[in-house]
Amino acid sequence: MQKMKAILNSLLIAILSVLAHPIHCHLKMDTGLWAACNQTGTSAGFKPRSSFDSTEGDKCTLAFNVAVRDEEDAREFCALYAPWRLEKAEIDVKDQATLACKNGWIQMFGSCFRVPEEHKVVTFPKAQEMCKAFGGTIASLRHKYIVGVWRRYFRGVNQIWVDASETWHQYIQKTGTVDGDAFAIAFTGKHYDFSVHPNSLIRINPEIELQVLCEYKPEMTAAEINYLGRRYSEIYYPSVKVPNGILVRSASSYTTSTNNLEVCKKALRPYMVDVDEVGPFECHGSPKDIAKRFGVDVPNSNAGSFVLTNVMDDIKCDNMKSAAIVHAKDAAKLKVMSDSRSLPIWCKLGKKIKFKVDVPPNYSLFERANGEFVAHRLFTEKLSFDKASERCKADGGFLSGVNDLNEANKLGALAELAGLKTAQMWLGGKRKKACWKVATDFNSDTNECSRNRVIQWLDNVAQDFYTDWWRNGYDHQNPSSIPTQIQICLTYVKGKPEWADHNFNAFLDDIECTWPREFYCTKKVTVLKDEQS
C-alpha cells in the first residue's frame, strides 16, 4: 500500500485576456478546495492565495491511503478523486485548481457544478430554467471520468438531466419505454418509468421528472492560461510565457492579407476565450526616418502608435507594413517584412485589466506609449520661462514635455480649446548648458549639440526627442545655431507664426527665455489597479 498525496492549488478568477472580453470577480478563495481539505482531515495544510489576482492559488495537501501501481495509475486516481487541474503525477501527485468557484459550487475539470435542490425532481425544460436562475446551464458531459466524479461528490442523486455532444451518442442506452430527445444519466439505473444499467447515458422524454445538476464555466485566470499553455506545448508548439500572459504560435503560415483575427481565434481555441480584437502593425512616417521609428497601433488607447526603436534598418514603406521576428545567429531581431511573405503568427493571450486614475482638476489625461500616465494643463497667462516654471511647481507640477507626436497633438488640442490659433507656449526643455555658446550641428545625430541632442528635458518630464519635431523658419533652420544669438528655452508652436514655414507636423522652437508666453504644466498621475475589475 503506497500513500498518495494530492497538492491542490486554486486561483481566483482574474480578468485575463488582452484579446478577450473583460470580467469581474471578488472571490477570496476556492471554497470547494477548502471543504475538501476539511473532509480529509488536512485543513491545517490549507494555504490561501496571497491576493485575489495571485498566480499562485490556494494550496492543500490531501492524503489518500490507496494502492497504486505506478504514476499513471496515480494520475488516473487523482482525476477521479481530486478533479482539479493536474500539475504533476507521481506517487505524490500535484494538482492545481486553476479556477475558483462561487460558494456552494464544486470545481471539476475546469467547470463548476452544483445540485440546486437535492431532492427536487423536475422536467427537462424546468431543469433548464432552474439552472439559469442559478447563473448556469444543465451540466455537460466533458470528461471520461466525470460521471464517476459526479456520483462520488453528489451523493443521494439518482438520475440527473445532462447535456451531451455527438461524441457521446455512441454510449446512449435505450430504455425501451420512455425514449425521447433529452439526455440524462441514470446513476442507479432504477426509475419508475425505466430500468437500465447503473451510470447509463439515456435519451428520454423531456417531460419525465429527474434531479438537476447545474454547471457554469468560471472565467479564465492566469493559472488556467498557464496550465493550458503547458498542455498546448505538449501537443503543438511551445507557448511562451510573458509577464502578463502567454504567446501562442499558429500551426500554419499566413500572409498579412489573412484575417489575423480568425487565425488567432483558431490558435486560441484550446483556451476557450472570446477573441474580439487584434492590434495590427502598421508602417508610419517617411522612408528616411522609418528605420529609426516603427509604429505599432494600439487599439482603444490614447497612446496612438507604440514606437519601436530596435527595428532593422533595411526598411521601405511600399508593401512593407508587417512586422516579423527574424532569428539570426547572434540574436532574434524585429524586422519590417514584406506583406506577401507567408509566416506563422504569434497570438497573445494576456491580461486586460481595468485601472483607475485620479486626474487632477483642470488637467487632461494622456497615456504615453511606454505605459506612463501624465496630465497636462494649458495656462493662458503670459509669463517668462522661469516664472512659468515657478507657477507650475506651485501647482504641484512642472513645465510639460512630450514623448511622441500623439502627445504633441494633445497639447495642440488643448490650445484649440483655449482659442489659441497661433501661439507659442513654454515647454519644460532648455538647451544644454554645454551648447549655449556652440553652434548647432545640423550634420550629425551623435554630436552633443546636434538637433536631436541639444535640448534637455527638465525634471524628467519626457525622455525622447527627434530632429523632425523642430519647426523651421521660412529662411532658416531651427534650433538657433549662431553662437552670438543662441536661444535657450523651448516652446510649443501652434498654427503659423510669421517666421514659420508650412510644415504643421513640426511643433518646436527655441526662443529667448525672458519673453512672456502661455505655458503648459504637467503632473505625473498615479494609476491604481481597479479592485472591482
_Arg341 accessible area, assembled protein chains, probe 1.4 Å, Å²_ = 120
*Over segment 356-526, equivalent-ellipsoid semi-axes from the Cα gyration tensor in Å*: 25, 17, 16
_Beyond a 18 Å Cα-Cα separation, which of these cross-linked pairs lie in this structure: Lys393/Lys432; Lys241/Lys348; Lys59/Lys241; Lys432/Lys494?_
Lys393/Lys432; Lys59/Lys241; Lys432/Lys494
*Beta bridges by DSSP in segment 356-526, antiparallel share as percent, to the nearest 5*: 85
*Too long at a 18 Å Cα-Cα cut-off: which of Lys102/Lys126; Lys387/Lys430; Lys356/Lys523; Lys410/Lys523?*
Lys102/Lys126
_Of every Cα-Cα pair in segment 111-216, the percent that sits beyond 23 Å_ = 16
*asked:* Relative contact order of segment 111-216, please, whole-number percent, based on alpha carbon pairs below 8 angstrom and at least 6 residues apart.
replied: 41
_I'd like the accessible area for Thr484: 1.4 Å probe, protein heavy atoms, all chains in place, Å² to the nearest 10._
120
*asked:* Applying a 10 Å radius around every beta-carbon, put 164-170, 200-206 in order of their mean neighbour count, most first.
replied: 200-206, 164-170
*Highest-first arrangement of 436-445, 452-461, where packing means the average Cβ count within 10 Å*: 452-461, 436-445
*Hey, if we sort Lys387, Lys433 by accessible area with the 1.4 Å probe, largest down, what's the order?*
Lys433, Lys387
*Please arrange Phe504, Phe183 by accessible surface area, largest first, computed with a 1.4 Å probe and ligands excluded.*
Phe504, Phe183
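The values are calculated or read from the model by the stated rules, or taken from the named source; none is laboratory data. The structure displayed is predicted, hence computed values, not measured ones. Every residue, glycine among them, receives a Cβ derived from its backbone with ideal geometry; neighbour counts consider all protein chains shown. To get the accessible areas, we keep the full protein, side chains included, count just its heavy atoms, and leave off ligands, DNA and RNA. Shrake-Rupley method; radii C 1.70, N 1.55, O 1.52, S 1.80 Å.
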